[in-house]
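*Asks:* Here it is, the structure in full.
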Amino acid sequence: MEIKVLVETSSRHVHVTQEHLEILFGAGAVLHEKRALSQPGQYLSEEKVRLEGPKRAIDGVSILGPVRPATQVEVSLTDARTLGVTAPIRESGDVAGSAPIRLVGPAGAVEITEGVIAAKRHIHMTPEDAEKYGLSDKQIVSVRVEGDRALTFDEVVLRVSEKFATAMHVDTDESNAAALSGTVYGIVTK
């Protein structure tokens, strides 16, 4: 059975705690939804911050909502080089020992001692789809995309949860390598 999955490009972004949101945007600050994302309950907010690394800064980095228990910055490896940080390739949430960074908002700044990662390519998948396709949480698969720069993404981790909608996420470096644009589907191989 062919397993097709939507492939989405995930641009650099930040997840923040309520405490850090209020330091960056002022006491009582809340995130304002700009548009919903494919994952249920997740959204692109109107709020943006500046990332300051030891080498350079990147302005206008979006915060994704809702607020999280820990502040995390997800960048591409190209972004990491621009900033002058070493961002390990990790699953979201796995920030122990990752790179530090300074976040600057209109009301203040926050320095995190760890939290900058390059997200490991992954597929969010519903339990129903995982069962239907004979796949399991944390399984490693490959995903083939076609086009002018067709390629196969190896080492793609499956993340199965009832909180997810089925979709694959790659960062901008990976998306550019495959010349992805518009709505793209990939074929999963075990």
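The values are calculated or read from the model by the stated rules, or taken from the named source; none is laboratory data. These figures come from a predicted structure and were not determined experimentally. Surface accessibility is based on the protein's heavy atoms, side chains included, excluding ligands, DNA and RNA. Shrake-Rupley method; radii C 1.70, N 1.55, O 1.52, S 1.80 Å.
*Asks:* If the cut-off is a Cα-Cα distance under 17 Å, which lysines reach Lys48, setting aside same-chain residues fewer than 8 apart in sequence?
*Replies:* Lys34
*Asks:* Tell me, what ³J(HN,Hα) does each residue in the range 172-181 have, in order and in whole Hz, if you take phi through Karplus 6.51 cos²θ - 1.76 cosθ + 1.60 with θ = phi - 60° and put x for Gly and Pro?
*Replies:* Using θ = phi - 60°, the values come out as 5, 4, 5, 4, 5, 4, 9, 6, 6, 7 Hz.
*Asks:* Of the residues Pro88, Pro40, Pro66, which exhibits the maximal mean-square fluctuation in a Gaussian network model of the chain defined by a 10 Å Cα contact cut-off?
*Replies:* Looking only at Pro88, Pro40, Pro66, the biggest GNM fluctuation is shown by Pro40.
*Asks:* For the range 117-163, what % of the accessible area comes from carbon and sulfur atoms, probe 1.4 Å?
*Replies:* Carbon and sulfur together cover 42 percent of it.
*Asks:* May I pose another question? Over the range 141-182, average the accessible area per residue using a 1.4 Å probe and give it in Å², no decimals.
*Replies:* Accessible area per residue, the range 141-182: 48 Å².
*Asks:* If you consider only alpha-carbon coordinates, what radius of gyration and Dmax does the range 93-172 have, in Å?
*Replies:* Taking only Cα atoms of the range 93-172, I get Rg and Dmax of 16.6, 49 Å.
*Asks:* Another question about this same structure. Per residue, how much accessible area does the range 47-122 have with a 1.4 Å probe, in Å²?
*Replies:* 44
*Asks:* Which of the lysines could be linked to Lys4 by a straight reach, that is with a Cα gap under 21 Å, when you skip same-chain ones fewer than 8 residues away?
*Replies:* Straight-line reach from Lys4, under 21 Å: Lys120, Lys132, Lys138, Lys163, Lys190.
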